[in-house]
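Okay, so here's the structure we're looking at.
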Ligand SMILES: CC(C)(COP(=O)(O)OP(=O)(O)OC[C@H]1O[C@@H](n2cnc3c(N)ncnc32)[C@H](O)[C@@H]1OP(=O)(O)O)[C@@H](O)C(=O)NCCC(=O)NCCS
């Protein structure tokens, strides 16, 4: 099988990010807070500012986009902490190592950006994502928050759990998220 490659996108690559992000929101509306309907209306300036705010990593195989993840520390006040979010893999490519490649690249990028921990908020009902993040090394914490899913009806009780990945020599879980 051909190789999976992951690259960090530049601001100019915003259309590629937009396309995969909208694919993800349409395919897995229950996994994300935002909905495709709201993001489809974003203009170019908004996509460009999103590119500046966080790193966007794209996985490709045979010149086709097969997954995406974001990493950054926008709105995070804990020093050295960053957030991993927006993880999605094309359904046809699940279970094939794409998600692992994306997270390896995201962790490497986070280390290069001097981050000491990555926080990942994931739906408590999302067994596959929780299982995958655990097997990668993310540790569950006691932190929970309501998950306001915009693209799905009947999701009022949805909740997210914070998982934490220590990077490098860090001691583990930050004292606050
Ligand atoms: C979450 C996601 C990126 C994981 O990628 P993936 O390719 O499916 O992950 P993998 O198959 O490598 O790993 C999933 C793990 O969960 C296990 N698993 C599969 N289905 C499961 C389920 N319903 N419940 C619990 N565990 C499950 C698999 O056996 C595997 O465990 P292993 O690594 O010990 O073998 C992918 O499923 C996805 O894009 N989902 C939709 C979007 C999403 O939920 N994103 C996360 C929210 S931000």
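The values are calculated or read from the model by the stated rules, or taken from the named source; none is laboratory data. It should be emphasised that the depicted structure is a prediction, and the values quoted were computed from it without experimental measurement. Methodologically, a virtual Cβ is constructed for each residue, glycine included, from the backbone with ideal geometry; neighbour enumeration extends over all protein chains shown.
Filter the stretch 90-147 for residues that are without any contact (Cβ under 8 Å) to a residue 12 or more places away in the chain and closer than 17 Å to residue 73 by Cβ and give the result. Those that are without any contact (Cβ under 8 Å) to a residue 12 or more places away in the chain and closer than 17 Å to residue 73 by Cβ: 108, 112. The residues in the stretch 108-118 that are exposed (fewer than 12 other Cβ atoms within 10 Å of the Cβ) and either more than 21 Å from residue 81 (Cβ to Cβ) or in contact with a strand residue (DSSP E or B) (Cβ under 7 Å, 6 or more places away or on another chain) (or both) can be counted, and the count is 0. Mind counting the residues in the stretch 140-157 that are touching a helix residue (DSSP H, G or I) at 6+ places or on another chain (Cβ under 8 Å) and within 13 Å of the ligand (Cβ to nearest atom)? The total comes to 3. In the set (1) on the phi > 0 side of the Ramachandran plot; (2) within 11 Å of the ligand (Cβ to nearest atom), residue 126 fails one condition alone, (1).
For residue 121, the criteria (1) over 22 Å from residue 8 (Cα atoms); (2) modelled with pLDDT of 95 or more; (3) in contact with a strand residue (DSSP E or B) (Cβ under 9 Å, 6 or more places away or on another chain) hold in every case but one, which is (1). For residue 105, state whether it is in a helix (DSSP H, G or I), in contact with a strand residue (DSSP E or B) (Cβ under 6 Å, 6 or more places away or on another chain) and within 20 Å of residue 140 (Cα to Cα). No, not satisfied. For the stretch 67-100, a residue qualifies if it is crowded, with 19+ Cβ neighbours inside 10 Å and more than 10 Å from the ligand (Cβ to nearest atom), and the qualifying residues are 71, 72, 73, 81, 82, 83. Tell me, yes or no, whether the stretch 129-139 has at least one residue that is assigned to a strand (DSSP E or B), at pLDDT 95 or above, surrounded by fewer than 17 Cβ atoms within 10 Å (Cβ to Cβ) and away from the ligand (no atom under 12 Å from the Cβ). Checking the stretch 129-139: at least one residue is assigned to a strand (DSSP E or B), at pLDDT 95 or above, surrounded by fewer than 17 Cβ atoms within 10 Å (Cβ to Cβ) and away from the ligand (no atom under 12 Å from the Cβ). Being within 13 Å of the ligand (Cβ to nearest atom) and surrounded by 21 or more Cβ atoms within 10 Å (Cβ to Cβ) is a property that does not hold for residue 17.
You will find that of 95, 172, the residue that is at pLDDT 95 or above and part of a loop (DSSP other than H, G, I, E, B) is 95 and no other.
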